[in-house]
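**Q** Sharing a structure, written as structure tokens. Questions coming.
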Amino acid sequence: MAKNLDYIYFGYDRFSAAKNMAIDEILKNKCEKDNKIYIRFYDFEKPCVILSYSDSKECLRKDAYENKEIEISRRQSGGKPIYIDSNILAYSIIGSLNKDTTEFASTTSVHNYFGAFIADAINKTVKIDRQRITLGNVYSIKIDGKPVAGHAQFPTLSHSFFYHGVLAVGKWDALKINTLLNLSEADFDALKASPCITDLLKTDKDIKGDISTIEKIKQNLAKTILELISDNKYQEINSKEKSIIVSNAENLAYSKYFTKEWIEKSSKGIKLKKDSRFCLLYEG
């Protein structure tokens, strides 16, 4: 399935939440014209809460708006609100739908294909029994039945697929998240019990190599995911081309993703959802 595809590696970068969302939008439009698949990994300049396209601003507690150390943004994909900090590896896989990628027309097939490679990358990192790592409902990846990674999608029928996700390398800050989102008690408890890569590394006696920091683990995971998905056959994006995309994303971020109108958007005929279940824990 899906062999000999043109994978373009965009890089591993650090931007604001708004700019990261803008880059994804620009790459989604670009891939529909050049028939490429773009893979990017990224961090955020400061902790952030990102609402899904259908979330009401009422999912956020008052403290989230008053906390100047937190960025609030909104993405174009579905799901539920997500909190992201330096413990999290974020990534996007964005490609055109054409004669070579027709099997990606289904969101389920996209998750089954790319999610399996990400699960394999987790396995290569922590070296546990591969059967403990499974693909869950609503595009999650689980370890021992508990979510370690979550994904959302924003496909355009017959034009492009869009799959982005977050992977818990360090522990979720459940206490902080609970001050920002209206979590249920069940979600709060589940979040505290969710697995992360560093916990597995500390307890697994077969780990080889000196992986001592979260940042190093994230870099290694990104490299492994990229190589597995592309079968180590990828091209790095041209530096000039990337510079233009980043510059255009800066403009788009300020005209759209940073704006109060986008973040707190009116429903415009769509009933926005006030159920603020944490995105990683949402199973439909």
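**Q** Going through the range 228-259 one residue at a time, which ones are without any contact (Cβ under 8 Å) to a residue 12 or more places away in the chain and either in contact with a strand residue (DSSP E or B) (Cβ under 8 Å, 6 or more places away or on another chain) or of a type in the set (A, V, I, L, M, F, W, C) (or both)?
**A** I244
**Q** Keeping to the range 167-198, report how many residues are touching a Lys or Arg at 6+ places or on another chain (Cβ under 8 Å), polar (S, T, N, Q) and farther than 24 Å from I133 by Cβ.
**A** The qualifying residues number 3.
**Q** Now for a separate question. Given the criterion open to solvent by less than 10 Å² (accessible area, probe 1.4 Å), closer than 26 Å to I8 by Cα and of a type in the set (S, T, N, Q), identify the matching residue among S106, S160. Steps first, please.
**A** On the way: S106 fails: open to solvent by less than 10 Å² (accessible area, probe 1.4 Å).
Unique residue meeting the criteria: S160.
**Q** Inside the range 59-89, can you point out the residues that are closer than 15 Å to K260 by Cβ, out of contact with any helix residue (DSSP H, G or I) (no Cβ under 8 Å at 6 or more places or on another chain) and touching a residue at least 60 places away in the same chain (Cβ under 8 Å)?
**A** If the condition is that a residue be closer than 15 Å to K260 by Cβ, out of contact with any helix residue (DSSP H, G or I) (no Cβ under 8 Å at 6 or more places or on another chain) and touching a residue at least 60 places away in the same chain (Cβ under 8 Å), then no residue fits.
**Q** Hey, another quick one. What number of residues within the range 68-103 are open to solvent by less than 30 Å² (accessible area, probe 1.4 Å), closer than 22 Å to I8 by Cβ, out of contact with any His (no Cβ under 9 Å at 6 or more places or on another chain) and hydroxyl-bearing (S, T, Y)?
**A** 1
**Q** May I ask you to list the residues in the range 115-131 that are in contact with a helix residue (DSSP H, G or I) (Cβ under 8 Å, 6 or more places away or on another chain) and either among the basic types (K, R) or open to solvent by 60 Å² or more (accessible area, probe 1.4 Å) (or both)?
**A** K124, R130
**Q** Let me ask something else about it. Exactly one of (1) of a type in the set (K, R); (2) touching a strand residue (DSSP E or B) at 6+ places or on another chain (Cβ under 7 Å); (3) open to solvent by 30 Å² or more (accessible area, probe 1.4 Å); (4) closer than 30 Å to T213 by Cα is unmet by K36. Its number?
**A** The failed condition is (4).
**Q** A further question follows. Residue pairs, Cβ under 6 Å, 6 or more apart or interchain, first in the range 124-142 and without any contact (Cβ under 8 Å) to a residue 60 or more places away in the chain and within 17 Å of L221 (Cα to Cα), second among the small types (G, A, S) and buried (at least 17 other Cβ atoms within 10 Å of the Cβ). List them.
**A** I133/A119; I141/G115; I141/A119; I141/A149; K142/G136
Conditions (1) more than 20 Å from I72 (Cβ to Cβ); (2) surrounded by 15 or more Cβ atoms within 10 Å (Cβ to Cβ); (3) within 21 Å of the chain's Cα centre (by Cα), marked per residue:
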| residue | (1), (2), (3) |
| --- | --- |
| V246 | yes, yes, yes |
| S255 | no, no, no |
| E261 | no, no, no |
| Y282 | no, yes, yes |
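**Q** Please go through (1) among the aliphatic types (A, V, I, L, M); (2) within 28 Å of G11 (Cα to Cα); (3) touching a helix residue (DSSP H, G or I) at 6+ places or on another chain (Cβ under 6 Å); (4) open to solvent by 20 Å² or more (accessible area, probe 1.4 Å) for V138 and return the number of the only condition it doesn't satisfy.
**A** Single failed check for V138: (3).
The values are calculated or read from the model by the stated rules, or taken from the named source; none is laboratory data. Model, not experiment: these values are computed from the prediction. Positions of Cβ are generated from backbone atoms using ideal geometry, with glycine treated the same way; all protein chains shown enter the neighbour counts. SASA here: full protein model, heavy atoms, side chains in, ligands and nucleic acids out. Shrake-Rupley method; radii C 1.70, N 1.55, O 1.52, S 1.80 Å.
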